[in-house]
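Read through the structure below, which is laid out as structure tokens, and then see the notes.
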Amino acid sequence: MSPANDQVDERLGELHARHLGLGAGDVASYYSSARGSYPPQEAGSERDRFAISFAHVDGDVHPVGDFERLFLLQSISKVFAYALALADLGRDEVLSRVGVEPSGEAFNAIAFDEHTHTPFNPMVNSGAIVTSTLVRGADADEKLERILNVVRSLAANPTIDVDEEAARDELAISDHNRAVAYLMRSEGMLEGDVEENLRLYLRQCSIRLDVRDLSMLAATLANGCVCPLSGERVLPVSVVRDVLSVMHTCGMYDAAGQWAFDVGLPAKSGVSGGVMAVVPGKGGIGVWSPGLDSHGNSVRGVNVCREISERLGLHLLAAETEDAFVGAAAPRE
């Protein structure tokens with residue numbers, strides 16, 4: 001291993017140790033697939049689970065902590081369904097069905113853009129349910145398979161799969177999403193069978209992976225959708241700008257504005273505790289820790305990304321700096 005790689009591993013280890021402690025007041029809830037999006041405070045063995053991974057656009061991956069622990073992609077999956085819908089239909093067609101404005105509301109709010117008569121954006125639940133149905137496929141199973149294959153290709157990991165038991169658990173307690181979907185269909189925003197559409201969305205959210213995969217997903221987006229490990233162009237480069245733009249403005253639920261102000265990187269979180277942040281041209285950050293703040297974002301995930309951005313000057317609107325942790329900007333294929 002090169003001295004530069006040793007330095008990255010050392011800094012990640014220090015970062016992990018520094019953020020391992022969590023005060024009881026920092027956490028609003030913990031995720032449990034059997035209890036839905038906002039479970040009670042009890043976390044059991046998951047309370048101290050914590051992993052960080054950085055993947056460089058040259059393919060080097062640096063994980064630390066519980067990096068072999070699998071977790072559900074949850075709302076982070078919205079990024080990849082949106083990217084595939086854009087590749088399938090083009091930005092104008094997708095934009096006519098799902099907007100790109102921050103909602104200012106919680107991710108599961110029953111709220112729509114009154115001006116466009118569409119869900120506000122593809123990162124809230126209402127927009128994501130519509131987006132998933134826009135993916136081309138003969139039925140929900142084919143659409144899911146295409147979304148899953150995009151995730152596998154972006155991460156260069158063909159073993160990534162759907163946790164069907166978790167998806168069934170989510171479906172059983174998903175009355176709120178069901179109400180949103182039926183309301184959208186009644187308003188002409190959603191087409192087709194509501195239960196099939198909802199099942200597609202929840203199975204997509206139940207894709208299971210580890211934090212190394214998460215950081216590679218981000219690194220592939222950072223590299224213009226060319227996977228650093230396989231060299232495969234997974235999606236057209238034209239998709240990347242739109243996806244990263246929406247992640248930057250809408251990806252962190254109703255804390256997206258604070259995130260853009262503090263961290264300044266395109267990112268997406270999920271209620272299972274994952275945070276995926278993209279450093280364009282340089283690499284991807286993946287953090288997993290299931291303790292959530294009041295917005296549904298991982299407490300450790302937000303704090304880790306904030307520190308990395310501040311210490312290394314990664315905010316997109318800050319003067320560019322070079323650091324051994326991320327290196328100089330890499331050319332995209």
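The values are calculated or read from the model by the stated rules, or taken from the named source; none is laboratory data. Remember, predicted model here, so these are calculated numbers, not experimental data. Don't worry about glycine lacking a Cβ; one is built from the backbone with ideal geometry, like all the others, and counts go over all protein chains shown. Just so you know, the surface numbers come from the protein's heavy atoms only, side chains and all, with ligands and any DNA or RNA stripped out. Shrake-Rupley method; radii C 1.70, N 1.55, O 1.52, S 1.80 Å.
Please work out the FRET efficiency for the pair Glu307 and Arg185, using the Cβ-Cβ distance as r and a Förster radius of 41 Å; give the result to the nearest 0.05.
Values: r = 44 Å, r/R0 = 1.06.
Efficiency at R0 = 41 Å is approximately 0.40.
Taking Lys143 as the anchor, which lysines have their alpha carbon closer than 26 Å to its alpha carbon, excluding any fewer than eight residues away along the same chain?
The qualifying lysines are Lys78, Lys268.
Say a site is exposed when it is one of the trypsin sites (Lys or Arg not before Pro), sits in a DSSP loop, and has at most 16 other Cβ atoms within 10 Å; what is then the longest site-free stretch of the chain? Could the numbers behind the result be given before it?
Values: sites that count: Arg35, Arg47, Arg69, Arg136, Arg332.
That gives 137-331 as the longest site-free run.
Can you send over the solvent-accessible area of Asp293, 1.4 Å probe, protein chains only, in Å² to the nearest 10?
30
Could you grab the relative contact order for the chain? Cα pairs under 8 Å, six or more apart, rounded to a whole percent. Write down the numbers at each step before the final one.
Working: 707 pairs, mean separation 81.7, N = 333.
Contact order relative to length: 25 percent.
Given the whole protein assembly as supplied and a 1.4 Å probe, what does the accessible area of Asp48 come to in Å², nearest 10?
Number for this one is 100 Å².
Could you compute the net charge surrounding Ala51? Neighbours are other residues with a C-beta less than 9 Å from the C-beta of Ala51; K and R count +1, D and E count -1. Display every interim value, and only then the final one.
Numbers: positive: Arg49, Arg69, Arg212; negative: Asp66, Glu68, Asp210.
Once positives and negatives cancel, what remains is 0.
So what's the back-of-envelope 222 nm ellipticity for the chain, counting only DSSP H runs of four-plus at -39500 (n - 2.57) apiece and dividing by all residues, rounded to 500?
On the way: 12 runs with 143 residues, N = 333.
About -13500 deg cm²/dmol.
Ranked by accessible surface with a 1.4 Å probe, highest first, in what order do His62, His56 come? Walk me through the numbers before you get to the answer.
Values: His62 10, His56 35 Å².
In descending accessible area the options line up as His56, His62.
Can you give me the distance in nm between label points at Glu196 and Ala17, each placed 7 Å from the Cα along the Cα-to-Cβ direction?
5.6
Describe numerically, in nm with one decimal, the distance between label points set 7 Å from Cα along Cα→Cβ at Ser230 and at Ala318.
3.4
So how much accessible area does Glu101 have, in Å² to the nearest 10, using a 1.4 Å probe?
Taking all protein chains as shown, Glu101 has close to 100 Å².
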